[in-house]
Amino acid sequence: MFRKWGRKPAGILVLVLMLSTLLAACGGGTSGSATGENTDNGSAQQNEENTTALTGTIEIDGSSTLHPLTEAIAEEFGAANPDVRIPIGTGGTGAGFKRFNNSEIAVANASRPIKDTEAEEAKANGIEYHEVLVAYDGLSVVVNPSNEFVDKLTVDELKKIYEPNSTVKTWADVREGWPAEEIKIYSPGTDHGTFDYFTEAINGEAQSSRNDKQITFSADTNAVVQGVAGDKNSIGYFGFSFYEENQDKLKLVPIDNGTATVAPSIETIKDNSYAPLSRPLLLYVNDKELERPEVNAFMNFYLENASSLAGEVGFVPLQDDQYQEEKDKLAK
């Protein structure tokens with residue numbers, strides 16, 4: 001057996017040398033060569049990219065008025081960050097704050113500033129937050145296009161229609177000479193920031209409103225639009241963006257505030273001449289949620305893009321330096 005293997009020592013030597021050469025060549029490629037280093041660096045870069053890619057869910061709820069802007073910005077953000085989900089509810093500002101104070105959502109859309117009672121509830125629940133101004137809006141008072149006699153309304157006339165215990169039944173009760181036809185009154189639901197803002201500006205106290213068979217409240221602002229559009233003796237109100245989307249089936253009513261008679265527009269909202277129905281639009285973000293990379297990135301993205309998108313959905317954007325101030329607030 002020994003003699004059998006020992007008969008081909010040259011062949012074995014050649015085989016050993018071939019294997020050694022092959023191993024040396026392979027070893028050179030994986031130990032300190034440019035090819036090996038590039039492979040390692042490529043893996044490191046890929047891992048870094050995977051680490052910095054944003055993922056997760058950012059749940060938002062609240063104002064239906066602010067919804068079009070938040071949705072537009074969320075779509076842009078989602079296009080750049082496809083692994084981040086951003087479901088957006090439209091339950092109204094009040095309902096949004098309830099969920100926000102229960103830590104159910106990361107961000108609340110709001111068409112009015114947070115109330116003292118809501119802020120106290122947040123504090124009691126250990127929730128700290130940032131308030132972020134994103135745009136301005138003007139409430140639009142509308143009637144049916146078939147209404148040819150309402151050319152304007154004074155603040156006092158609006159109050160007569162909407163105030164608690166109102167005795168207004170017909171248009172003749174609002175102004176002498178108008179027809180004695182029953183008014184169909186529409187309003188956003190009581191959880192809406194629009195309702196809070198309107199009742200405070202017109203009736204002098206938030207949530208102060210008539211509540212009888214003549215008025216219809218709706219949590220869905222589109223239902224208010226349809227109600228006014230479907231009845232010639234109707235009146236209603238909502239954010240300016242809803243009017244712009246439906247102006248072909250609504251008639252906008254200018255408001256006499258005692259100083260001037262002004263209709264809402266981008267210009268009159270921006271220069272504050274549309275008083276007293278201009279208002280701020282805000283985001284509230286939970287500070288703990290803001291520590292999440294995806295939430296922080298979204299909030300900054302929002303402020304970087306609100307200026308260009310606000311006008312497209314019927315709002316008035318802030319000045320560039322104001323957006324920068326809001327971004328600086330987020331960093332604190």
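The values are calculated or read from the model by the stated rules, or taken from the named source; none is laboratory data. This one's a predicted model, so the numbers in the text were calculated from it and none came from an experiment. When we count neighbours, we look across all protein chains shown, and the Cβ atoms used for this are built from the backbone with ideal geometry, even at glycine. The protein model used for the area step is the full one, side chains on, heavy atoms only, and it has no ligands, DNA or RNA in it. Shrake-Rupley method; radii C 1.70, N 1.55, O 1.52, S 1.80 Å.
Restricting attention to the stretch 194-253, which residues are among the polar types (S, T, N, Q), touching a residue at least 60 places away in the same chain (Cβ under 8 Å) and under 19 Å from ALA95 (Cα atoms)? Talk me through it step by step, then tell me what you get.
Going through the stretch 194-253, the residues among the polar types (S, T, N, Q) turn out to be 194, 199, 203, 207-209, 211, 214, 216, 218, 221-222, 226, 233-234, 241, 246-247.
From what's left, touching a residue at least 60 places away in the same chain (Cβ under 8 Å): 194, 221, 233-234, 241.
Passing the criteria: THR194, THR221.
Mind checking which residues of the stretch 258-272 are surrounded by fewer than 16 Cβ atoms within 10 Å (Cβ to Cβ) and under 22 Å from GLY204 (Cβ atoms)?
Across the stretch 258-272, the qualifying residues are GLY258, THR259, ALA260, THR261, ASN272.
Search the stretch 175-186 for residues that are of a type in the set (Phe, Trp, Tyr) and pair each with any residue that is not in a strand (DSSP E or B) when their beta-carbon atoms are under 6 Å apart and the residues are at least 6 apart or on different chains.
TRP178/PHE149; TRP178/TRP171; TRP178/ALA172; TYR186/VAL224; TYR186/GLY227; TYR186/VAL228
Which ones in the stretch 104-130 are open to solvent by 60 Å² or more (accessible area, probe 1.4 Å) and touching a Lys or Arg at 6+ places or on another chain (Cβ under 8 Å)?
GLU128
Scanning for something open to solvent by less than 30 Å² (accessible area, probe 1.4 Å), part of a loop (DSSP other than H, G, I, E, B) and closer than 13 Å to TYR284 by Cβ, does the stretch 63-70 turn up at least one residue?
Step one: filter the stretch 63-70 for residues open to solvent by less than 30 Å² (accessible area, probe 1.4 Å), giving 63-66, 68-70.
Cutting the leftovers down to part of a loop (DSSP other than H, G, I, E, B) gives us 63-66.
Applying the additional criterion that residues be closer than 13 Å to TYR284 by Cβ yields 63, 66.
Yes; the residues of the stretch 63-70 include at least one that is open to solvent by less than 30 Å² (accessible area, probe 1.4 Å), part of a loop (DSSP other than H, G, I, E, B) and closer than 13 Å to TYR284 by Cβ.
Which of the residues that make up the stretch 196-220 are among the polar types (S, T, N, Q) and in contact with a Pro (Cβ under 6 Å, 6 or more places away or on another chain)?
Initially, the stretch 196-220 is screened for residues among the polar types (S, T, N, Q), giving 199, 203, 207-209, 211, 214, 216, 218.
Within the stretch 196-220, just SER208 meets the criteria.
Please verify whether TYR197 is among the aromatic types (Phe, Trp, Tyr), part of a helix (DSSP H, G or I), closer than 22 Å to GLY62 by Cβ and open to solvent by 20 Å² or more (accessible area, probe 1.4 Å), treating the condition exactly as stated. Lay out the reasoning, then the answer.
Numbers: among the aromatic types (Phe, Trp, Tyr): yes; part of a helix (DSSP H, G or I): yes; closer than 22 Å to GLY62 by Cβ: yes; open to solvent by 20 Å² or more (accessible area, probe 1.4 Å): yes.
Against the criterion (among the aromatic types (Phe, Trp, Tyr), part of a helix (DSSP H, G or I), closer than 22 Å to GLY62 by Cβ and open to solvent by 20 Å² or more (accessible area, probe 1.4 Å)), TYR197 qualifies.
I'm checking my understanding of the structure. Among residues of the stretch 119-177 that are of a type in the set (D, E, K, R) and in a helix (DSSP H, G or I), which one is farthest from GLU200 (Cα to Cα)? Walk me through it before giving the result.
Here is the first cut: in the stretch 119-177, the ones of a type in the set (D, E, K, R) are 120-121, 123, 128, 131, 137, 148, 151-152, 156-157, 159-160, 163, 169, 173, 175-176.
Subset that is in a helix (DSSP H, G or I): 120-121, 123, 156-157, 159-160, 173.
Values: GLU120: 20, GLU121: 22, LYS123: 25, ASP156: 13, GLU157: 15, LYS159: 10, LYS160: 14, ASP173: 23 Å.
The extreme case among them is LYS123.
Answer with yes or no whether PHE242 is assigned to a strand (DSSP E or B) and closer than 20 Å to PRO145 by Cα. Break it down into steps so the answer makes sense when it comes.
Details: assigned to a strand (DSSP E or B): no; closer than 20 Å to PRO145 by Cα: yes.
Answer is no for this residue.
Filtering the stretch 286-296 down to residues that are more than 13 Å from ALA331 (Cβ to Cβ) and either touching a Leu at 6+ places or on another chain (Cβ under 9 Å) or not in a helix (DSSP H, G or I) (or both), which residue is most open to solvent (accessible area, probe 1.4 Å)? Before the answer, list the steps.
Pass one, the stretch 286-296, residues more than 13 Å from ALA331 (Cβ to Cβ): 286, 288-289, 292-295.
Narrowing the set further to residues that are either touching a Leu at 6+ places or on another chain (Cβ under 9 Å) or not in a helix (DSSP H, G or I) (or both) leaves 286, 292-294.
Details: ASN286: 12, ARG292: 67, PRO293: 83, GLU294: 20 Å².
Checking each candidate, the answer is PRO293.
Take the residues in the stretch 81-95 that are under 20 Å from GLY56 (Cβ atoms) and in contact (Cβ under 8 Å) with a residue 60 or more places away in the chain; name whichever of them is least open to solvent (accessible area, probe 1.4 Å). Don't jump to the end; show me each part of the working.
Our first condition is that a residue be under 20 Å from GLY56 (Cβ atoms); within the stretch 81-95, this holds for 81-89.
Filter once more, so that each one left must be in contact (Cβ under 8 Å) with a residue 60 or more places away in the chain: 81, 84, 86.
On the way: ASN81: 31, VAL84: 12, ILE86: 32 Å².
Across the stretch 81-95, the extreme among qualifying residues is VAL84.
Filter the stretch 298-309 down to the residues that are farther than 13 Å from LEU282 by Cβ and touching a residue at least 24 places away in the same chain (Cβ under 8 Å), then identify the one that is surrounded by the most Cβ atoms within 10 Å (Cβ to Cβ). Write out each step before concluding.
In the first step, residues of the stretch 298-309 are kept if they are farther than 13 Å from LEU282 by Cβ; the result is 298, 300-301, 304-305, 307-309.
Adding the requirement that they be touching a residue at least 24 places away in the same chain (Cβ under 8 Å) leaves 298, 300-301, 305, 309.
Numbers: PHE298: 28, ASN300: 14, PHE301: 16, ASN305: 16, LEU309: 21.
The extreme case among them is PHE298.
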